[in-house]
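Below is one structure, written out as C-alpha cells, with a few remarks after it.
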Number of protein chains: 2
Amino acid sequence: MTQKHPDRVDESLIALRRILRATELYARDLAQAAGVTPAQLRVLQIVGEKKDPTAKTLANQMGVSQATVTALVDKLVARSLVSRQPSAQDRRQTNITLTTQGEDVLEEAPDALQQRYVRAFADLADWEQAQLVSSLERVAAMLNVDSLDAAPVLATGELRMSKKTY
Amino acid sequence: MTQKHPDRVDESLIALRRILRATELYARDLAQAAGVTPAQLRVLQIVGEKKDPTAKTLANQMGVSQATVTALVDKLVARSLVSRQPSAQDRRQTNITLTTQGEDVLEEAPDALQQRYVRAFADLADWEQAQLVSSLERVAAMLNVDSLDAAPVLATGELRMSKKTY
DNA sequence: CAGTCATACTTCAACATTCAAAGCAAAATA
DNA sequence: TATTTTGCTTTGAATGTTGAAGTATGACTG
C-alpha cells in the first residue's frame, strides 16, 4: 500500500487546529462573560462534572500541579463559588464542592463546546452523526496513544509505515 | 426529523474534549522539552508558519492583546530566538522573524499535533483517511460559525454539504 | 507497636502571562 | 494642515504556575 493522498494529513491537521483555536478562543469569551478567569472556569466545570473531586483529581485532570490547584481553589472559595469539604475516609484529602452560586455561574457559562456544537450536530442526518462520532473517537484514540490510558483498540488492520518521517 | 440517537452528541463531545485535553497537555510537555514556555512556543510556531507576521497578526492569531505580544516577543528577543524587523512599507509595523536559533527550537519541538497524529493517520486505510478529513472539517466549520477568523486558504476542495446550512 | 516511607495538601518565593490605560510615532483622512 | 486612526510599547496590577519546603495523615515493615 503506497501513499495515495499525502495532502490529507495536512488537511486534517489544519482542521484540528481550527477546532482547537475556535474552542480556546470561545472558552475565554465564555469565562469573561461569566465573570471568572478561564482557569477558574475550568475548575468549576470539572467540579461540576466529577463528583466532588479531590484537589489531586483536579490537578490531574487539568494537568497542573497541586500548588496551582490550591491557589485557584483559594480564589474560588474567596468568591464563594466552591467550598472545601474534608474527606471522611481519608483526612488528608479535601473534596471540592460547588456552592449554589458556583452552580449558577456554571449554568450561565455553558461548556464552550456545547454552546457551539450541539445545535449544528442535532441537525445532521443520522448517518452523518454516526460517522462524526466514529471519526472523533478514532482521532481521540490516536492522540492518546502512549498516554496513561494504555491505548486501546487502534489496530484496525495491518500497520504499515510510510516513508515520510515527521 | 426527530431525535434518534441523543447519546451521540454526548459521545462526540466527550471525544472532542479528549482531543482538546490530550493536545493541550502534550503541548506543554513539548514546550518544556524545548526550553520555552507554552505561550512562547506558540509565538514561535506562528512566526514559523506565517511569513514574518506583524505584532498585530500575532495578537489576532493568538487571541491576546498587543501588550501581551510585546511582552512575549521581548522575552524571545532577549533569548535571541526571534528578532524585530521594522517594516519598510509601514513604519508603524514591526515584523517578527525567526533567528537561526529560533528555527532550531522549532525543529526540536515539532507541532504537538503532528508528533502524535501523523504516524497513526498514515496507517489508516484510504477511505478512513478521507472520512476523517471530511468529519474534522465539518466539525471545524460547525465551531467556526460566526467567528471572525482571518484564516484564509483553507479551501481544500469541494466540501459537499448536505441540504443543511451551517 | 515503633519507625519509616508515601501521600495529600498548603505555604512561600519567584517568574510568566495577561490586560487596561496611557503614551508615542506614523499613516490616513478630512 | 489639522484631526483621527492605527500599530506598538510602557506601566502597573492581577492571575497563573511551579519547585521546594513544611505539615498532617495514611500505609507498611520489621
When you go through A:A27, A:A67, A:A39 one by one, which is the residue that is more than 16 Å from A:T99 (Cα to Cα), touching a residue at least 60 places away in the same chain (Cβ under 8 Å) and out of contact with any strand residue (DSSP E or B) (no Cβ under 7 Å at 6 or more places or on another chain)? A:A27
Taking the options A:I19, A:I96, name whichever one is touching a helix residue (DSSP H, G or I) at 6+ places or on another chain (Cβ under 8 Å) and either more than 9 Å from DNA strand C (Cβ to nearest atom) or closer than 30 Å to B:L136 by Cα (or both). A:I19
Spot the failing condition for B:A109; the list is (1) free of Cβ contacts under 8 Å to residues at least 24 places away in the same chain; (2) touching a helix residue (DSSP H, G or I) at 6+ places or on another chain (Cβ under 9 Å); (3) more than 12 Å from DNA strand C (Cβ to nearest atom), and only one is missed. (1)
Based on what the data block shows, is B:Q115 more than 16 Å from DNA strand D (Cβ to nearest atom) and at pLDDT below 95? yes
Looking at (1) modelled with pLDDT under 90; (2) at the interface with chain A (Cβ under 7 Å from one of its Cβ atoms), which is the one condition that is false for B:V139? (1)
Which of the helices (runs of 4 or more DSSP H) contained wholly in region B:1-107 include at least 1 residues that are facing chain A (nearest Cβ under 10 Å), out of contact with any Leu (no Cβ under 6 Å at 6 or more places or on another chain) and away from DNA strand D (no atom under 16 Å from the Cβ)? B:6-34, B:38-49
Working only within region B:64-83, note down all residues that are surrounded by 14 or more Cβ atoms within 10 Å (Cβ to Cβ) and not polar (S, T, N, Q). B:V64, B:V69, B:L72, B:V73, B:K75, B:L76, B:V77, B:R79, B:L81, B:V82
Condition first: on the phi > 0 side of the Ramachandran plot and under 14 Å from the mean Cα position of the chain (by Cα). Can you find one or more residues in region B:10-19 that meet it? no
Suppose the filter is away from DNA strand C (no atom under 11 Å from the Cβ), over 20 Å from the mean Cα position of the chain (by Cα), within 21 Å of A:A31 (Cβ to Cβ) and surrounded by 13 or more Cβ atoms within 10 Å (Cβ to Cβ); does A:R42 pass it? no
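The values are calculated or read from the model by the stated rules, or taken from the named source; none is laboratory data. Treat the numbers as computed from the prediction; the structure is a model and nothing was measured. For neighbour counting, all protein chains shown are included, and Cβ atoms are generated from backbone atoms with ideal geometry for every residue, glycine included.
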